[in-house]
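Enquirer: Input: one structure, supplied below.
The values are calculated or read from the model by the stated rules, or taken from the named source; none is laboratory data. Owing to the predicted nature of the structure, the values given are computational and were not obtained by experimental measurement. All Cβ positions, glycine included, derive from the backbone under ideal geometry; neighbour counts span all protein chains shown.
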Amino acid sequence: MGLILCIETATTNCSVALGEDGKLVALKEDNSNSYSHAERLHVFIEEILKENNFSAGDLDAIAISKGPGSYTGLRIGVSAAKGLCFSLEIPLISVSTLKSLAMQVKEEEDGELIIPMLDARRMEVYTAGFTATFQPVFDTRAQILDVSSFEEELKQGKVSFIGNGIEKFKEICKHKNAVFIEGKSPSAKQMVSLADEKFRIRDFEDVAYFEPFYLKDFMVG
């Protein structure tokens, strides 16, 4: 049995999910245009536990979206997660923000390759590549977009792009194999199964020393 609280604060979406044995129990999120994490995160945590008849003491682990993403958002989420782990003496699990974002594609569109994108400054995004079964193709990197970006991948077949970074790429990429899945942000919902996988093999972080994967300090908000 594993009851895991999942926290996602890498973008403007303040998202909290409760998962039990890899299944979603409940989800609370506020995906407004402004950052509400400082005001909403602890409220969501308290509400999601109370509304589902759990207390903090029932939790077996805390999972945090580790980034990349907003410096401020990640810092708030990680601080909350570490505080809970310390006080409850339970393990901390980190989940790739870009992988959990990529997992939304299966609900929308089948594709041969999935490329999540998080907006950075100017024409830059944070990105990574995954197969349709969410196996890594290329690691997380910061990439400046131009008309030739992902040219080789697009030649091979359909590529699904997802995340708030696709808006700038959509303007310059007109390839027939490019599929743009709009209006999607990282959510704690997709963290549930990923966190459970790590919980089962006891893949935990060192609570004292864990830091978010900032890559670079962008989207300060």
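Enquirer: Out of E20, E8, which single residue is surrounded by 18 or more Cβ atoms within 10 Å (Cβ to Cβ), among the acidic types (D, E), more than 28 Å from D139 (Cβ to Cβ) and outside the structural domain of G165 (by TED's automatic domain parsing)? Break it down stepwise before answering.
Expert: Details: E8 fails: more than 28 Å from D139 (Cβ to Cβ).
That would be E20, the only listed residue that is surrounded by 18 or more Cβ atoms within 10 Å (Cβ to Cβ), among the acidic types (D, E), more than 28 Å from D139 (Cβ to Cβ) and outside the structural domain of G165 (by TED's automatic domain parsing).
Enquirer: Another question, if that's okay. Just wondering, is there one or more residues in the range 95-114 that are among the small types (G, A, S) and assigned to a helix (DSSP H, G or I)?
Expert: yes
Enquirer: Here is a follow-up. Given the criteria at pLDDT below 95, farther than 21 Å from R200 by Cα and of a type in the set (S, T, Y), does S70 qualify? Talk me through it step by step, then tell me what you get.
Expert: Working: at pLDDT below 95: yes; farther than 21 Å from R200 by Cα: yes; of a type in the set (S, T, Y): yes.
Yes: the conditions hold for S70.
Enquirer: Taking the residues in the range 140-181 that are of a type in the set (S, T, Y) and in a strand (DSSP E or B) as candidates, determine which candidate is surrounded by the most Cβ atoms within 10 Å (Cβ to Cβ).
Expert: From the range 140-181, those of a type in the set (S, T, Y) are 140, 148-149, 160; that's our starting set.
Pick out the ones that are also in a strand (DSSP E or B) and you get 140, 160.
Details: T140: 20, S160: 25.
In this case the residue turns out to be S160.
Enquirer: Then there's this: Can you pull out every residue in the range 105-143 that is at pLDDT 95 or above and either in the same structural domain as G67 (by TED's automatic domain parsing) or of a type in the set (G, A, S) (or both)?
Expert: Answer for the range 105-143, where residues must be at pLDDT 95 or above and either in the same structural domain as G67 (by TED's automatic domain parsing) or of a type in the set (G, A, S) (or both): A128, G129.
Enquirer: Taking interchain pairs and intrachain pairs at least six residues apart, which have beta carbon atoms under 7 angstrom, with the first residue in the range 169-195 and closer than 19 Å to P68 by Cα and in contact (Cβ under 8 Å) with a residue 12 or more places away in the chain and the second surrounded by 14 or more Cβ atoms within 10 Å (Cβ to Cβ) and of a type in the set (F, W, Y)?
Expert: Taking only residues 6 or more apart or on different chains, the pairs are F169/F161.
Enquirer: What is the one condition in (1) assigned to a helix (DSSP H, G or I); (2) over 17 Å from the mean Cα position of the chain (by Cα) that V137 does not satisfy?
Expert: (1)
Enquirer: Moving to a separate point now. Determine if the range 47-60 includes at least one residue that is outside any strand (DSSP E or B), surrounded by fewer than 21 Cβ atoms within 10 Å (Cβ to Cβ) and in contact (Cβ under 8 Å) with a residue 60 or more places away in the chain. Give the steps one after another, and end with the answer.
Expert: Initially, the range 47-60 is screened for residues outside any strand (DSSP E or B), giving 47-60.
Restricting the remaining residues to those that are surrounded by fewer than 21 Cβ atoms within 10 Å (Cβ to Cβ) gives 47-60.
With the extra rule that they be in contact (Cβ under 8 Å) with a residue 60 or more places away in the chain, the set shrinks to 60.
Yes, that holds for at least one residue.
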